[in-house]
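Encoded as structure tokens, the structure appears first; notes follow it.
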Amino acid sequence: MKPKSQLEHAIVTVSDSLPAITKKQHQLAFSKCFSDCAVLSRNTIFCLECGHSWKDLNRHQNPKVTCPNCSRKLQLTDRYANGLKETDYYQIVTTEQDFQIVRMVCVSKTMKKLQKPSYFAHEVMQMFIMSDGSMRYMSKNVMGLSMYIDQWVISSDLSLKPNYDTPRLRLTPSFVQPKLKVLPIIKRNGFNGKFHGIAPQILLCELLNDNVAETLLKCNQIDLLYYHIRNNPIKKDGKIWGALKICIRNNYIVTDAKLWVDYLELLEYYWKDLKSAKYVCPIDLRKAHDKLMSRKQKEIMKMTFEENKKQIGKNQKHYLKAKQHFFGLIFSEKNISISVIESVKEFLEEGCYHNHCVFTNEYYKKQNSLILSAKVDGIPTETIQLSLENFEVLQSRGRGNKASKHNKQILSIMKRNLHQVQNRMKAA
Ligand SMILES: [Zn+2]
């Protein structure tokens, strides 16, 4: 778009006056954004950095190798297909007049066997942040119908864009050039040169227009700052803010914001005093959270059981008839034990414990499935659904319907013991 307002004219003029990005800046970014790679094919390793290749007949599983020619430590890649192209971003954070400016550079590295890599860099965006935290930006054009948000038209020029939000404005660079220049007001608002993994343009805007972010940064509550910036705005009249003030007063740093907010909700559920450091600043957050969580789960379980007692009894009869011949099956190895679930009440317990749908979706009624519970050191870890038709594990899920870190072990124990299930079936 053509600049119309005074501000827009000023932005375009400042943009024209910005210094050209130097080769040195690009080169530093190349070394920071990309890792050194190698590819293995038919016992030959190809260094994608210097073009050297060598035979390696007795390789171990180690995904890192050292090139005998250039001595670089190389990461073996499995994404190579007739070549490998990586794309990334870096930024230059600078100021000009009253503008806080973030320049975004797209870099790419193209690698091919037996060749040295080639690099490319082009500036694709310039974000102009005003002292009130508002932002306008210039950018290259993107392909109109691309499914990617950042398919840049390389030959286009940077031009002023309308004042719309786009996901491109939230791209996080892998590297920010040192020697940052920031407006004095941003320093005053708590910025100390670190972005903590937050996209600089986002953090700088937040520090100018949002004093919650400012407080969080100044108090070093970085995880809460992430939480706040990533679509969970902490309001100044809400319970989180109230509890946060207690934390600040007690020098308590919240290291896991999501867990802590979850925990506050549990505290509230049990009418605990959210102004008391005793509750709000637990020494072991995970432990405090889990304790209340399991208390609540047990209560909900009991309530659900009482409400559905009659129906559960009825379903239990059917379940017993259908699956009784599998009862008593237990597969144990080391600290893991897997057993067939023997009652509908247990389905309820598994469902509540893991917060998945094994009870609500009535898995006990599934004719061609057998449901088992895997426990590690006696603690429910995953619920397993085994097909009684082809004896495949259809799913093995733990808390929140996700695989636990013991998933692989659990599956391999299942595999080794399938014959026991089959024997019981034959016997029935
Ligand atoms: Zn090499």
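The numbers here are math on the coordinates, done by the rules we state, and not lab data. Note that this is a predicted model, so its numbers are computed, not measured. Please note: Cβ atoms are built from the backbone with ideal geometry, for glycine as well, and neighbour counts cover all protein chains shown.
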Rounded to the nearest Å, the spacing of the alpha-carbon centers of region 281-310 and region 210-272 is 23 Å
Taking Cα atoms only, helix 257-269 is inclined relative to the longest principal axis of the chain by an angle, in degrees rounded to 10, of 50 degrees
Note: residue 52 to residue 332 extended length (0.36 nm per residue) minus current alpha-carbon separation gives 95.8 nm
For region 243-332, listing trypsin sites (Lys or Arg not before Pro) in a DSSP loop whose Cβ sees at most 16 other Cβ atoms within 10 Å gives 272, 275
1/(1 + (r/R0)^6) with r = Cβ-Cβ of residue 308 and residue 368, R0 = 22 Å, i.e. FRET efficiency to nearest 0.05, evaluates to 0.35
Relative to the chain, whose Cα atoms define the longest principal axis, helix 407-427 and its Cα axis are tilted in degrees, nearest 10, by 30 degrees
Distance in Å, no decimals, from the C-alpha centre of region 387-404 to the one of region 39-111 is 37 Å
Cα convex hull volume per residue for region 309-427, in Å³, equals 94 Å³
Taking Cα pairs closer than 8 Å and at least 6 residues apart, the relative contact order of region 309-427 in percent is 22 percent
What helix-only [θ] at 222 nm does the chain give? Using -39500 (n - 2.57) per DSSP H run of at least 4, over all residues, to the nearest 500, the answer is -11000 deg cm²/dmol
Taking Cα atoms only, helix 200-209 is inclined relative to the longest principal axis of the chain by an angle, in degrees rounded to 10, of 90 degrees
Computed ³J(HN,Hα) along region 63-79: with the Karplus parameters 6.51/-1.76/1.60, θ = phi - 60°, integer Hz and x for glycine or proline, the list is x, 10, 9, 10, 6, x, 8, 9, 6, 6, 7, 10, 9, 6, 9, 10, 9
Listed by chain and number, the lysines with an alpha carbon less than 27 angstrom from that of residue 24, same-chain partners under 8 positions apart left out, are 32, 73, 85, 109, 112, 113, 116, 140, 179, 181, 194
Interchain or sequence-distant (5+) residues whose placed amide H lies within less than 5 Å of the amide H of residue 394 are 385, 386, 387
Taking R0 as 30 Å and r as the Cβ-Cβ distance between residue 277 and residue 357, the FRET efficiency 1/(1 + (r/R0)^6), rounded to the nearest 0.05, comes to 0.20
For the chain the mean separation of alpha carbon contacts under 8 Å (6+ apart) over residue count, i.e. relative contact order in percent, is 8 percent
Computed about the Cα centre, the charge dipole of the chain from +1 Lys/Arg and -1 Asp/Glu charges at the Cβ has a magnitude in debye, to the nearest 20, of 1000 debye
Mean separation of Cα contacts under 8 Å (at least 6 apart) over the residue count of region 6-145, i.e. the relative contact order in percent, is 19 percent
By the rule of another cysteine's Cβ lying under 4.7 Å, the cysteines of the chain that fail to get a partner are 33, 37, 106, 205, 219, 247, 281, 352, 357
Once phi for every residue in region 138-154 is put through the Karplus expression 6.51 cos²θ - 1.76 cosθ + 1.60 (θ = phi - 60°), the whole-Hz ³J(HN,Hα) values, with Gly and Pro written as x, are 10, 7, 6, 7, 10, 4, x, 9, 5, 7, 9, 7, 10, 8, 6, 8, 4
In whole Hz, the Karplus estimates of ³J(HN,Hα) for region 34-40 (6.51, -1.76, 1.60; θ = phi - 60°; x where Gly or Pro) are 10, 9, 7, 10, 9, 10, 9
From fewest to most C-beta neighbours within 10 Å, the residues 356, 122 line up as 122, 356
Hits in region 192-219: amide N under 19 Å from the 7 Å Cα→Cβ extension of residue 237, namely 210-213
The longest stretch of the chain containing none of the chymotrypsin sites (Phe, Trp or Tyr not before Pro) that sit in a DSSP loop with at most 14 other Cβ atoms within 10 Å is 1-147
With 0.36 nm assigned to each residue of separation and the Cα-Cα distance removed, residue 316 to residue 110 gains 68.0 nm
With the label point 7 Å along the Cα-to-beta-carbon line of residue 411 and a cut-off under 16 Å to each amide N, the hits in region 351-389 are 374, 382-387
By Cβ neighbour count within 10 Å, fewest first, 396, 276 rank 276, 396
Nearest-0.05 FRET efficiency for residue 185 and residue 389 at R0 = 45 Å, using Cβ-Cβ distance, is 0.10
Length gained if residue 149 through residue 131 is fully extended, taking 0.36 nm per residue and subtracting the Cα-Cα distance, is 3.7 nm
Ranked by GNM mean-square fluctuation in the chain (Cα springs under 10 Å), the top entry among 412, 337, 387 is 412
